[in-house]
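To start, the structure itself, in structure tokens.
What follows is calculated from the coordinates using simple rules that are stated; it is not laboratory data. Just so you know, these numbers come straight off a predicted model, no measurement behind them. Cβ: placed from backbone, ideal geometry, glycine included. Neighbour counts: every protein chain shown.
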Amino acid sequence: MAQMFQSTANRHDLWKRALVVWLVLIGVEFAHGILRTVFLVPVVGDLRARQIGVFRILIVTCVFVRWVNAPNMKSLLQVGALWVAITIVFEFIFGHYIFNRSWGDLVSGYDLARGGFLAIGMLVVMFSPVTAAKLRIRNHHING
């Protein structure tokens, strides 16, 4: 019985930590969006600036994946799924009600045929906890 309560407590701790890391990711995304528009787009163009930005998600995740303390790969995938779900909800609510973007404009960000890369970005977010954990394990074995 005590193990069940500890397991439940560990799960709650996992989700709290996952939410904290998501807040960091959103902060990084927000700062990147501003910096990308001001500095990168004029130099390399919008497409290249967006491509460069994909790596920041993995970098942030690599920094925090050990702290999240997921017990297994399934939990890491669940963390990624949580991040995708709350990112999409946040983006649509924030984009529509704060930035007054239309629902159609927000949806078009996911349409590859129309130049939207958010679907690819969400795949990166989904698998970044697993990828980061594997990179950290690999790096640990190499430098170990």
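A few points about this structure:
- In the chain, Cα pairs under 8 Å separated by at least six residues give a relative contact order of 28 percent.
- Put in line by how crowded their Cβ is, counting other Cβ atoms within 10 Å and starting with the fewest, Lys74, Lys134 read Lys74, Lys134.
- The chain, helix-only ellipticity at 222 nm - DSSP H runs n ≥ 4, -39,500 (n - 2.57), divided by all residues, nearest 500: -28000 deg cm²/dmol
- What you get for the chain, charging only the Cβ of Lys and Arg (+1) and of Asp and Glu (-1), is a dipole of about 460 debye around the Cα centre.
- The base-10 log of I(q)/I(0) for the stretch 1-124, evaluated at q = 0.15, 0.16, 0.22 Å⁻¹, reads -0.78, -0.87, -1.39 [Debye formula, identical scatterers on Cα atoms, solvent excluded].
- The residues Trp22, Trp15, when put in order of fewest to most other Cβ atoms within 10 Å, stand as Trp15, Trp22.
- A simple count of charges around Trp22, restricted to other residues whose Cβ falls under 13 Å of its Cβ and scoring Lys, Arg +1 and Asp, Glu -1, yields 0.
- Full-extension gain in nm, Phe90 to Gln51, via 0.36 nm per residue minus C-alpha separation: 11.9 nm
- Of Tyr97, Tyr110, the sequence from fewest to most neighbouring Cβ atoms within 10 angstrom is Tyr97, Tyr110.
- Extension gain, Asp111 back to Phe99 (0.36 nm per residue minus Cα-Cα distance, nm): 2.3 nm
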